[in-house]
Amino acid sequence: KNLVLGDSILNSIVSEHLFINHTEKDEGGLSKKRSVIVGRKNLNKIGKDILPKEQIQHNLHIITPNIYGNILEAIIGAIYLDIGYNKTKNFIENQII
């Protein structure tokens, strides 16, 4: 569940950030920029950079690149549930945007 929640919160906060900070871009430009930021490839890379592999508890034979993005989205959902919107926004702006 945190994965779905994290994905939704991530999209919302990135959309808000782009809308407020990139007033010169049109809707299509903002959508393209958001899709790059929240895209699987970008989230996998960020997750791999900030999540220590040895701390990931799993039953997988192989850790695929997608696991990092999935864990990152789950963490975003957990941050939101545990400490709220503003802290989640700070995390996303500092770690992802």
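Which listed residue (22, 62, 85) has the Cα farthest towards the positive end of the charge dipole for the chain, taking +1 on Lys and Arg C-beta and -1 on Asp and Glu C-beta about the Cα centre?
About the Cα centre, the residue reaching furthest to the positive side is 62.
Rounded to the nearest angstrom and ordered from largest down, what semi-axes does the equivalent ellipsoid of the chain get from its C-alpha gyration tensor (root of 5λ)?
Semi-axis lengths for the chain are 25, 15, 10 Å.
Run the 1.4 Å probe and let me know the accessible area of residue 36, rounded to the nearest 10 Å².
Here the residue's solvent-accessible area equals roughly 100 Å².
In whole angstrom, note down how far apart the Cα centers of the range 1-26 and the range 63-83 are.
16 Å
Would you work out what percent of the accessible area of the chain, with all protein chains in place, is carbon or sulfur (probe 1.4 Å)?
Accessible surface attributable to carbon and sulfur in the chain totals 52 percent.
Using +1 on the beta carbon of Lys and Arg, -1 on that of Asp and Glu, and nothing else charged, what's the dipole of the chain about the Cα centre, debye to 20?
Magnitude of the dipole: close to 240 debye.
Tell me, what is the per residue accessible area of the chain in Å², probe radius 1.4 Å?
67 Å²
In nm, to one decimal, how far is the residue 78 label point from the residue 61 one, both placed 7 Å along Cα→Cβ?
The two pseudo-label positions are separated by 2.7 nm.
For the chain, take the longest principal axis of its alpha carbons; what is the angle in degrees between that and the long axis of helix 85-95, to the nearest 10 within 0 to 90?
Compared with the principal axis, the helix lies near 80 degrees.
Tell me the angle of helix 40-50 to the major Cα principal axis of the chain, expressed in degrees between 0 and 90 and rounded to the nearest ten.
Compared with the principal axis, the helix lies near 60 degrees.
Strictly over 22 Å apart at the Cα level, which of 32/89; 33/53; 33/89; 32/87; 25/45; 1/33 would you flag in this model?
33/53; 32/87; 25/45; 1/33
In the range 7-97, which trypsin sites (Lys or Arg not before Pro) are in a loop and have at most 14 other Cβ atoms within 10 Å, using DSSP for the loop call?
25
The values are calculated or read from the model by the stated rules, or taken from the named source; none is laboratory data. Predicted model only: the values in this text are computed from it and were never measured. Because the Cβ atoms are built from the backbone with ideal geometry, glycine has one as well, and the counts that use them run over all protein chains shown. When the accessible area is computed, the model is the full protein with side chains, heavy atoms only, and any ligands, DNA or RNA have been set aside. Shrake-Rupley method; radii C 1.70, N 1.55, O 1.52, S 1.80 Å.
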